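Only one structure is covered here, and it is reproduced in the block below.
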Amino acid sequence: MPASNQRVAWIGAGVMGGSMCGRLLDAGFAVTVHNRTRAKAEPLVARGAAWADTPKAAAQSADVIFSIVGYPHDVREAILGPEGALAGCRAGAVLVDMTTSRPALAEEIAAAAAQRGVVALDAPVSGGDVGAKSGTLSIMIGGDEQTVTALEPFWRVLGAKWIRHGGPGAGQHAKMVNQTLISTGMIGVCEALLYAYRAGLDLDKTLESVASGAAGSWSLSNLAPRIIRGDLAPGFFVEHFLKDMAIILEEARRMNLALPGVALAEQLYRALAAQGHGRRGTHSLILALASLNGIPWPSSP
């Protein structure tokens, strides 16, 4: 794809954000980057990104400002704070928050942005570190339809699929659907592997058998092999997943909706974090369930 003359600001250079920003650099976009810890952004600066000391400074020269940070309070600070991106935006700019966050906060950001002549989209993603590196993320978008269409050159670099679900906050709601599926599905993946282990089956052969059938899923194909190898490095942190499940349950209560599967998953992941695994990947749930069964599951540091 040819380089765009649109100037980009990128806020957040973590496990996902660093790879996503790198793809925009490789595609020829002029990028200014900010991260709370500069050291994490240095590889991007070395590849040609300009550095900004604050989100506000990054946004001042940008046409499109992307953010992907940790928690809703980080989103609030990075976008709405005194040194946040919105304070630096000029009229006509576009803010795109790709953090998984609260739908109500996305609505608040869109309203505050509109008062400054800025359009704000919520566009959380799914696909983990693998999707971020390969540009195969699924992007769930809420906000102005015309703006979503205008940003297609960016979506094409970052994702394999992008869908607008409605107005502000709709992208976040779609992501909560995604996280509901993952949270309950990961229990099934881990319990299945434990069953195979206790039954004395070859785990790799078993996975090959079931992954191509009706039980197949992204988590089974991409994360189960890591679980078998004991590679529990994060594509997505347990502590961030706990944040997502808290949002799901909060929204479910607001909608008078019972989600017992998510509630169970949240308790299991909370136990996992209490055991010191909050900075491992979501597939490290195997450790909590293996512990319940007295099975010494292998894991790399």
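Quick notes
- Remark on GLY166: its backbone amide H falls under 5 Å from those of GLY143, a criterion applied only to residues 5 or more positions apart or on other chains, H modelled at 1.01 Å from N.
- Amide hydrogen neighbours beyond the local backbone of GLY81, cut-off 5 Å, H modeled: none
- ³J(HN,Hα), Karplus 6.51/-1.76/1.60, whole Hz, each residue of segment 157-170, x for Gly, Pro: 6, 8, x, 9, 8, 9, 9, 8, 9, x, x, x, x, 5
- Seen against the Cα atoms of the chain and their longest principal axis, helix 17-26 is set at about 60 degrees.
- Shape call, the chain: gyration tensor on alpha carbons, a/c limit 1.5: prolate
- Beta bridge orientation in the chain: antiparallel %, DSSP, nearest 5: 15
- Percentage relative contact order, segment 92-238, counting C-alpha pairs under 8 Å, at least six apart: 20
- Acute angle (nearest 10 degrees) that the helix 260-272 long axis makes with the longest principal axis of the chain, alpha-carbon atoms: 90
- 0 to 90° range, to nearest 10: angle between helix 103-115 axis and the chain longest Cα axis: 10
- Relative exposure of LYS133, LYS205, judged by other C-beta atoms within 10 Å (fewest first): LYS205, LYS133
- Within segment 7-166, percent of DSSP bridges classed antiparallel, to nearest 5: 10
- Sites GLU152 and LEU264 - FRET efficiency at Förster radius 41 Å, r taken between beta-carbons, to 0.05: 0.55
- Prolate/oblate/rounded label for segment 174-292 (Cα gyration tensor, a/c 1.5): prolate
- Full-stretch length increase - ALA91, GLU250 - with 0.36 nm per residue and alpha-carbon distance subtracted: 53.8 nm
- Less than 5 angstrom separates the built amide H of VAL33 from those of TRP10, ALA50, TRP51, ALA52, all sequence-distant by 5 or more or on a different chain.
- Taking the DSSP bridge list for segment 118-215 and keeping only pairs wholly inside it, about 35 percent are antiparallel.
- Local electrostatic count, ALA120, Cβ distance below 11 Å [Lys/Arg +1, Asp/Glu -1]: -4
- Spin-label proximity, ARG116 to segment 5-34 - amide N less than 19 Å from point 7 Å beyond Cα toward beta carbon: 7-12, 32-34
- Cβ-derived FRET efficiency at R0 35 Å, TYR71 paired with ARG47, nearest 0.05: 0.80
- Stretch gain in nm, segment ASP26-ILE295, where the contour uses 0.36 nm per residue and the Cα spacing is subtracted: 92.4 nm
- The GNM of the chain, with springs linking C-alpha atoms under 10 angstrom apart, assigns the highest mean-square fluctuation among GLY81, GLY18, GLY143 to GLY81.
- Distance in nm between pseudo-label sites at LEU257 and ARG198 (7 Å out along the Cβ direction from Cα): 3.3
- Shape call, segment 7-166: gyration tensor on alpha carbons, a/c limit 1.5: rounded
A short reminder: the numbers here are calculations on the coordinates, not readings from a lab. In this text the structure is predicted, and so the values were computed from the model without any measurement. Neighbour counts run over all protein chains shown; Cβ positions are idealised from the backbone, glycine included.
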